[in-house]
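Asks: Questions regarding the structure given below will be posed in turn.
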Amino acid sequence: MTGHFIIRTRSESDTDALVEIFRRSIRETASRDYRPEQSEAWTRFADENTAWDERMNTRLVWVAEEQGKPIGFIQLELPDHIDLTYVHPEHQRKGVATALLAAVEEMARQNGVKLLKVEASITSQPFFAERGFQTVSPQIVTARGQEFLNYRMEKWLG
Ligand SMILES: CC(C)(COP(=O)(O)OP(=O)(O)OC[C@H]1O[C@@H](n2cnc3c(N)ncnc32)[C@H](O)[C@@H]1OP(=O)(O)O)[C@@H](O)C(=O)NCCC(=O)NCCS
């Protein structure tokens, strides 16, 4: 049924769908906060197969799935760092990222983590703020020849 999704861990067969979510959420959502050349450089990460696979294989990854199809994903770099967080543009503002974040928080708590950290894009900062994260500082990161503003944020779990 549309609007009903489950959260599960990633499987190998998710790769193409997660790449598609990553590219589309940047091109169609984050692109409102970043210049075209920044968005293009950002999406190129998914073309770097080795880097992408390395990132997927060294993080815990949860996938939101609706009607058998992935619609969002989140990564936790153990023990306390949230990495990639992306929701398909056609499925945003339905609580998908909130449910994914709950899975991360549960794992972090089980591991005794007191402070959860993320570097939030301009686009995702309101989401993380709404979910209890405080902004620590803005920062500029350089990747694939472009500079990106993002925000170091933290949430106290203790
Ligand atoms: C940020 C992102 C992951 C949020 O996913 P989502 O599933 O739409 O988030 P949720 O539905 O769980 O949002 C929960 C709450 O967060 C806040 N929120 C989420 N997106 C927001 C936005 N664009 N502007 C303001 N508040 C927002 C709202 O309070 C929302 O509740 P509401 O819809 O009832 O008002 C998604 O917008 C995305 O993929 N963005 C592009 C990629 C990106 O920048 N990823 C982060 C890289 S660090």
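FYI, it's all coordinate maths here, none of it is from the lab. Fair warning: this is a prediction, and the values are worked out from it, not measured in the lab. Neighbour counts run over all protein chains shown; Cβ positions are idealised from the backbone, glycine included.
Asks: Can you run down the residue pairs with Cβ atoms below 7 Å, 6 or more apart or on separate chains, where the first is in segment 77-101 and crowded, with 16+ Cβ neighbours inside 10 Å and the partner is in a loop (DSSP other than H, G, I, E, B) and among the aliphatic types (A, V, I, L, M)?
Replies: From segment 77-101, the pairs are 80/113.
Asks: Among the residues of segment 97-146, count how many are polar (S, T, N, Q), more than 11 Å from the ligand (Cβ to nearest atom) and in a loop (DSSP other than H, G, I, E, B).
Replies: Start the filter on segment 97-146 by keeping residues that are polar (S, T, N, Q), which leaves 98, 110-111, 121, 123-125, 134-135, 137, 139, 142, 146.
Okay, now just the ones that are also more than 11 Å from the ligand (Cβ to nearest atom), so 110-111, 134-135, 137, 139, 142, 146.
Still in the running and in a loop (DSSP other than H, G, I, E, B): 111.
Residues meeting the conditions: 1.
Asks: So which residues in segment 1-51 are in contact (Cβ under 8 Å) with a residue 60 or more places away in the chain, assigned to a loop (DSSP other than H, G, I, E, B) and small (Gly, Ala, Ser), if there are any at all?
Replies: Matches in segment 1-51: 3 only.
Asks: Okay, moving on. Need pairs with beta-carbon distance below 9 Å; first residue farther than 27 Å from residue 98 by Cβ and within segment 128-145, second part of a strand (DSSP E or B) and more than 15 Å from the ligand (Cβ to nearest atom); sequence gap 6+ or separate chains.
Replies: So the pair list comes out as 140/147.
Asks: Are there any pairs, at least 6 apart or on different chains, whose C-beta atoms fall under 7 Å, with the first in segment 103-116 and touching a residue at least 12 places away in the same chain (Cβ under 8 Å) and the second β-branched (Val, Ile, Thr) and surrounded by 15 or more Cβ atoms within 10 Å (Cβ to Cβ), and if so, which?
Replies: Pairs that qualify, where the first residue is touching a residue at least 12 places away in the same chain (Cβ under 8 Å) and the partner is β-branched (Val, Ile, Thr) and surrounded by 15 or more Cβ atoms within 10 Å (Cβ to Cβ), are 103/7; 104/74; 104/82; 116/82.
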